[in-house]
C-alpha cells in the first residue's frame, strides 16, 4: 500500500461515524471487536502453527469476567478491563498450558475440550454465572462521566482497542518472540537445537492469544450489554479461526481484512436465516481453495509459488 | 584439556543395541572424524550427545560438567552445538533470520523489551544481528541474506546450517554428514569451510560417510560398527584397521565377527 493511502486509513476510520448509517456502523463495531480475538488467535495459529478452537470460549471468559465484576460487585467497567484480561490469560494457561505441547490434531482436540469445559461451566455454575439466564444490564463503559452507550460513541472505543492491539501485535511479531514462534512452527527440533525455549514460547503465544481474546470479550460485553453462554460456544470459535486463517498466513492486515469481509457477510446474509451458513461455507471453501495463503494474496501483484521444500519431512535418526 | 568425555554410553531401541558401551573423549581444539557404515550408530551417538535421545547407561561430560539428562536447548547453552544430516532449516524464514534466531542465544533483552524498545533489548538485538551477519559472511551467504531459506539451493542450505550453528558460538561443534548430497566442487568448498572454522578455535566432531574427506581433514578418526567403537586413533591407522575394513567391505558372512 502506498504510504499516502496508509496514512489516510486512520483519519478515514475516525470520520466514518459521521458518514455511515447506524446499522453499518453497528456492523463496523463488531468487526473492530472481533479483530482482537482474531489477531490474538494469529499468535497461536499463524505464528506457532497451533490451530485452536477455544478462542470463542476465551472471548467469553473475558466477557463474563467484566459482566460479573460490573453487575455483581458494582465495579466500574474501566476497572474491570485488566481483571478481564488477566482472568482470561489465567484460565487459558491453567487449562491450556499443559496441552500446548501437543502437536497438530491432538492440540485441536484438546482446545475443543477447553471450549466444552468453559461452556459447561458458564452454563451450570449458576450461583456465579446465572447459567442459562445470562447476565443482563451490563453497564456501558464510562470515561470521565461520558457514557459510551451509543453505537457511535462505542465505535471510537472499539477503534482505539483495535488500533492498540494491532500496533502491539505488530511489535510482538517483530520481536525475538516472533522469531522464536516462527522457528518452532517451521521445525521444532531445530528450534530446540538453537536454544529456543520451545515450551516457554508456546505458552507465551497462548497467553497472548488469551489476552487479546479477553480484551475483545470485555468490549463485547459492554457493547451488547448482555452475555449468555450460547454466545461463546463453538460457533464463534470456528468463526475466529476462519477469520484468522482465511485472512492471511502471518499477515495481521489480512486477518483484519478477512474479519471485515466475513463479519459483513454474516450480518448481511442474516435475512437468509440458517441458509446463510451455506453461503458462508461456500465462501470459505472457495477461499481455502483459491487463496490458501490468505485472501490478501489476491492483491499481491507477484504471487510466487513456493518451490518444494527440500528434505522437510525426514526423521531425526 | 578434555572438552568432551562420554563414558560407556549405551542405548537400546526395543531391545536392539544402537550404542554399546561407547567411550568417546575429545580434547579442546581437536578435529575428530567419526566413520562407520550405515546404521553403525554415528547419528545416534550425536543424538545422544545433543540430548535428543537419553542414553540408558553411561555419562557424558562437557568441560567436566555432566550434560546427560539435560534438554537439548540446555546442552546448546553449554556450548555443544550440532547440525543435522537432513538439513533442518526454518524454511519460511529468511536466511538472515535463520541465523539471527541462533545468534540471540545469551544476548541481553527479552521479547517484552523488544516490544517496548528497552535499551538492553535493543543492544542485544543489535549484537545478535551483527553476529548473524558475521556468521553469514563466514560461509559466503551474505548476498543471499534476505532469501527464504527453503528457496536456497541445496549446497547453500548446507552452509546455512553451519552458519546457524556458528552463531551459537559453539565450544564443540558436531557436524552430521555435512557433505551428503554435495557435488565435488561443493565438497571442496565445504572442506575449506570446516578447516577455517576449526582454525578459528572451534573443536569439531565430524560424522562423515566419505572416508577420503574424513582422512583429509581429521588427524584422529573413530570408527563405529553396530553401535560399538571398533577403532580410535590416527586416521591412517584406523582406515587400515582390519575390523574397519571388514565393517565397510565385509560381506554378510563377516557380520558376526565384526560385531564381536
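Read-outs throughout are calculated quantities, based only on the coordinates presented, and are distinct from any laboratory measurement. Computed from a predicted structure; not experimentally measured. Neighbour counts run over all protein chains shown; Cβ positions are idealised from the backbone, glycine included.
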Review point. Counting other C-beta atoms within 10 Å, which of A:220, A:268, A:280 has the fewest, and how do the rest follow?
Key: A:268, A:280, A:220
Check your understanding: Could you give the radius of gyration (one decimal) and Dmax (whole number) of the Cα atoms in region A:24-94, in Å?
Key -> 13.6, 40
Study note, to complete from the structure: So for R0 = 51 Å, FRET eff. of residue A:75-residue B:248 from the Cβ-Cβ r, to 0.05, ends up at 0.10
Study note, to complete from the structure: Assertion target for A:129, A:71, ordered by fewest C-beta neighbours within 10 angstrom first, is A:71, A:129
Revision key, fill the gap. Expressed in angstrom and rounded, the centroid-to-centroid distance over alpha carbons for region B:212-232 and region A:128-186 is 61 Å
Review point. Roughly what would the spin-label model give for residue A:6 and residue A:152, points 7 Å off Cα along C-beta, in nm?
Key: 3.3 nm
Exercise for review: State the percent of C-alpha pairs, over all pairs in region A:26-231, separated by a distance greater than 27 angstrom.
Suggested key: 31 percent
Practice item. Over the residues of region A:122-161, compute the C-alpha Rg and express it relative to 2.2 N^0.38 Å. Key: 1.60
**Study point:** Where labels lie 7 Å past Cα in the beta-carbon direction, separation of residue A:86 and residue B:23 in nm
**Key:** 5.9 nm
Review point. Mind checking which of B:98, B:38, B:47 has the largest fluctuation in a GNM of chain B, springs on alpha carbons under 10 Å?
Key: B:38
Revision key, fill the gap. Rounded to one decimal in Å, the inverse mean reciprocal Cα-Cα distance for chain B, i.e. its Kirkwood radius, is 19.2 Å
Practice item. Report Rg (one decimal) and Dmax (nearest whole number) for region A:143-245, counting Cα atoms only, units Å. Key: 17.5, 55
Check your understanding: Roughly what would the spin-label model give for residue B:2 and residue A:282, points 7 Å off Cα along C-beta, in nm?
Key -> 7.4 nm
Review point. Using only helices, what value at 222 nm comes out for chain B when you add -39,500 (n - 2.57) per DSSP H run of length 4 or more and divide by the total residues, to the nearest 500 deg cm²/dmol?
Key: -11000 deg cm²/dmol
Revision key, fill the gap. For region B:56-106 (alpha-carbon point model, no solvent) the Debye-based log₁₀ I(q)/I(0) at q = 0.17, 0.27 Å⁻¹ works out to -0.67, -1.12
Review point. Could you give the semi-axes, largest first, of the ellipsoid that matches region B:94-151, computed as the square roots of 5 times the alpha carbon gyration tensor eigenvalues and rounded to whole Å?
Key: 23, 12, 8
**Study point:** Inter-centroid distance (Cα atoms) of region A:215-277 relative to region B:64-111, Å
**Key:** 39 Å
Review point. Given a cut-off of 44 Å, what percent of all Cα-Cα pairs of the protein assembly as shown lie beyond it?
Key: 31 percent
**Study point:** Between helix A:252-268 and chain A: long-axis angle, C-alpha atoms, 0 to 90°, nearest 10
**Key:** 50 degrees
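For residue A:126 and residue B:127, what does the FRET efficiency come to when R0 = 56 Å and r is the distance between their Cβ atoms, rounded to the nearest 0.05?
Computed FRET efficiency for residue A:126 and residue B:127 comes out at 0.50.
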Exercise for review: Could you let me know the centre-to-centre spacing of region A:1-34 and region B:17-58, using Cα atoms, in angstrom?
Suggested key: 62 Å
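Pairs of alpha-carbon atoms within less than 8 angstrom and 6+ residues apart define the contacts here; what relative contact order does chain A have, in percent? Intermediate results must be reported in sequence, preceding the final value.
Details: 456 pairs, mean separation 100.2, N = 317.
Here the relative contact order equals 32 percent.
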Check your understanding: How high is the FRET efficiency from residue B:237 to residue B:106, r the C-beta distance, R0 30 Å, rounded to 0.05?
Key -> 0.15
